[in-house]
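These notes are about the structure you will find just below.
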Amino acid sequence: MPITGPTTGPITAILYDIDGTLVDSNDLHVLAWEQAFARIGATFDRQTIHDQIGKGTDNLVPTLLPDLDDDAVESLGDAHGAIYKDRYLKTAKPFPGAHDLLARSHAAGLRVVLASSASAGELDHYLGLLDAHDLVETTTSSDDVEATKPAPDIFATALKKLGDVDPSEVIVVGDTPYDIEAAGKCGVAAIGLRSGGFPDDMLRDAGAIALYDDVAALLAGYDDSPLAAR
């Protein structure tokens, strides 16, 4: 059962995260980062890496390797991206109900946005994987911003692309505390999904107004969820 909290006002737009939210890819990113770090002789257990998933390179790498300079951080990010694209991207699968949730949101007249710290290339692949080109109004990726989650840039850019929407009319759906924290910095409420592997207390402490197991659970409870606030 979902854990729910205070609801928002009328919703006109939804910003969906992708990795760990719509697509089952968090563990694949852990493997890609593990192999990228190994190239420079750095070793972390997988849980340590997982705890940083949801951040982009600019925030993930300095958290684990704070002494690296900017060029080294960028190089590691490039290595991760290449490994993920070559070995894992094509194996990533949508979570059951992901397409249907996007379709339900679109059919309800809501403006649907994919707002991710993924690269533009990965995001384009996911759009096809989710069969979502006709369901999504706009997208944002790490290529669009200077700083990734938990910085607010990804969602702030999405709001700018939507135009004259008020943050109180928008809700984020994400799986990491970094999604929820970034949303809060933009004045946007967020639903947390457990599908990314983060514990309830981390999602709650970051400010999630409701928790669901995954997109299928959110779809099943759509009419009673904050997404249905009209």
Seminar exercise, completed: Count of lysine pairs, the stretch 92-211, Cα-Cα under 18 Å, sep. 8 or more residues or interchain, comes to 5
Seminar exercise, completed: Whole-number value, in Å³ per residue, for the convex hull of the alpha carbons of the chain is 107 Å³
Exercise. Residue-wise, which Karplus ³J(HN,Hα) couplings in Hz belong to the stretch 37-50, taking 6.51 cos²θ - 1.76 cosθ + 1.60, θ = phi - 60°, and x for glycine or proline?
Worked result: 4, 4, 5, 10, x, 9, 10, 9, 6, 5, 5, 4, 5, 4
Seminar exercise, completed: Tilt, helix 98-107 to longest principal axis of the chain (alpha-carbon atoms), in degrees rounded to tens, equals 40 degrees
Problem set entry | Acute angle (nearest 10 degrees) that the helix 120-129 long axis makes with the longest principal axis of the chain, alpha-carbon atoms | 50 degrees
Exercise. Per 10 Å bin, what percent of the C-alpha pairs of the stretch 3-85 does each bin hold, from zero upward?
Worked result: 16, 45, 21, 13, 6, 0
For this session: Amide H neighbours of Lys149 under 5 Å, at least 5 residues apart or on other chains, H built in the peptide plane: list them.
Result: Gly56, Ile154
Seminar exercise, completed: Counting sequence-distant residues (5 or more places) and residues on other chains, those with an amide H built under 5 Å from that of Asp19 are none
Seminar exercise, completed: With every protein chain kept in place and a 1.4 Å probe, the stretch 4-127 has an accessible area per residue in Å² of 44 Å²
For this session: Project the alpha carbons of the stretch 180-230 onto their principal axes and report the range along each, largest first, in whole Å.
Result: 27, 26, 12
For this session: Please give the helix 153-162 orientation as an angle from the longest Cα principal axis of the chain, in degrees from 0 to 90, rounded to the nearest 10.
Result: 40 degrees
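Could you work out the mean projected area of the convex hull around the alpha carbons of the stretch 110-194, in square nanometres to one decimal?
Numbers: hull surface 21.0 nm².
The Cα convex hull of the stretch 110-194, projected and averaged over all directions, gives 5.3 nm².
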Seminar exercise, completed: Non-local residues with an amide H under 5 Å from the amide H of Asp24, with H modelled 1.01 Å from N and Pro and chain starts lacking one, are Lys93, Phe95
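The values are calculated or read from the model by the stated rules, or taken from the named source; none is laboratory data. Not measured: the values here are computed from a predicted model. Note: accessible area is taken over every heavy atom of the protein model, side chains too, but ligands, DNA and RNA are not part of it. Shrake-Rupley method; radii C 1.70, N 1.55, O 1.52, S 1.80 Å.
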